[in-house]
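Everything below concerns the one structure shown next.
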Amino acid sequence: MQNIIDFIFQEKIIGPILIIVGSAIIFRILKAIVKKIFTRGKNKFELKKRTTIIQLVTNVMRIFIYAIAIMMILEIYGVDTKGIVASLGIAGVVLGLALQDTAQDLMSGIKIILDNYYVVGDTITINNFMGEVIEVTLQSTKVKSYDGEVLIFSNRNVDSVINLSQAKAGVKVTVPTAYEEKTEKVEKVLNEVVEKMKENKDVYPESCYLGIDSLEDSAINYAILIYCKSSEQWNIKREALKVVKEYYEKANIKIPYNQIEVHHGS
């Protein structure tokens, strides 16, 4: 038993274990401190931006702490870490030339954060792909669409992006209506629809009825404009269409649709 205890408590056995455990504890403590510092007294918008910064800071901190831990473990096993550090300096120059794309990603990641292109939680459109930003690192960004698809792209490829979360969105809802319906009646109902939509906490009061949008072959297209939080625009559009249908049915206003007439010969 004593031999087993002596074996376990050898520096080369217990040392690396203590270093790994200690590094993990230090990282957790520093992560909690960083989170507290960056989130104290911030509003909802600032919290989203700070969440992204916290992710970047903790990622760099993790690499730094574990790099030191590896050096300490190597020292225990008698490896000359000074020579490794000197070699890493030379290797760093070579890698810097070989990994220019990665370096561009890192610089672009810093620029995205500092210039406030987007942060975690924002809804963006990039290369015709729209979704919510779920992760931003110094190297890449992950965006999740409402269908569950996740787009991962390198930060260096971000040359233009539409951020839908930094301003209110205007949702135009076109309502096809039968020609035989009286314009005054339709306008009255659509104004009631707009007022009903304003009861939603995500809809802004400047929402309004626009008027006749176009004259089609079998319908008059009326339009309403709903201003809302940009992150809720698709939900608001679906709700507006539902309210329109309910109010049209209540007022006996006809929404035309294509019909096929079939003649059965004798």
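The values are calculated or read from the model by the stated rules, or taken from the named source; none is laboratory data. For clarity, every value in this text was computed on a predicted model and none was experimentally measured. Please note: Cβ atoms are built from the backbone with ideal geometry, for glycine as well, and neighbour counts cover all protein chains shown. Note: accessible area is taken over every heavy atom of the protein model, side chains too, but ligands, DNA and RNA are not part of it. Shrake-Rupley method; radii C 1.70, N 1.55, O 1.52, S 1.80 Å.
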So which pairs qualify, if the first residue must be in the range 221-242 and modelled with pLDDT of 85 or more, the second must be open to solvent by less than 20 Å² (accessible area, probe 1.4 Å) and hydroxyl-bearing (Ser, Thr, Tyr), the Cβ gap must be under 6 Å, and the two must be at least 6 apart or on different chains? Tyr222/Thr177; Ile226/Ser207; Tyr227/Ser207
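Considering only the range 178-204, how many residues are acidic (Asp, Glu), in a loop (DSSP other than H, G, I, E, B) and in contact (Cβ under 8 Å) with a residue 40 or more places away in the chain? It would help to see each step written out before you state the result.
Filtering the range 178-204 down to residues acidic (Asp, Glu) leaves 180-181, 184, 187, 192, 195, 199, 202.
In the following step, the residues that additionally are in a loop (DSSP other than H, G, I, E, B) were identified as 180-181, 199, 202.
Among the residues that remain, those that are also in contact (Cβ under 8 Å) with a residue 40 or more places away in the chain are: 180-181.
Result for the range 178-204: 2.
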Given the conditions (1) surrounded by fewer than 18 Cβ atoms within 10 Å (Cβ to Cβ); (2) assigned to a helix (DSSP H, G or I), every one holds for Tyr248 apart from (1)
Cross-chain or 6+ apart pairs with Cβ under 9 Å, the range 141-155 first and among the basic types (Lys, Arg), then at pLDDT 90 or above and open to solvent by 80 Å² or more (accessible area, probe 1.4 Å): Lys142/Ile152
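Answer yes or no as to whether Tyr257 is of a type in the set (Ser, Thr, Tyr) and crowded, with 18+ Cβ neighbours inside 10 Å.
Details: of a type in the set (Ser, Thr, Tyr): yes; crowded, with 18+ Cβ neighbours inside 10 Å: no.
It is false that Tyr257 is of a type in the set (Ser, Thr, Tyr) and crowded, with 18+ Cβ neighbours inside 10 Å.
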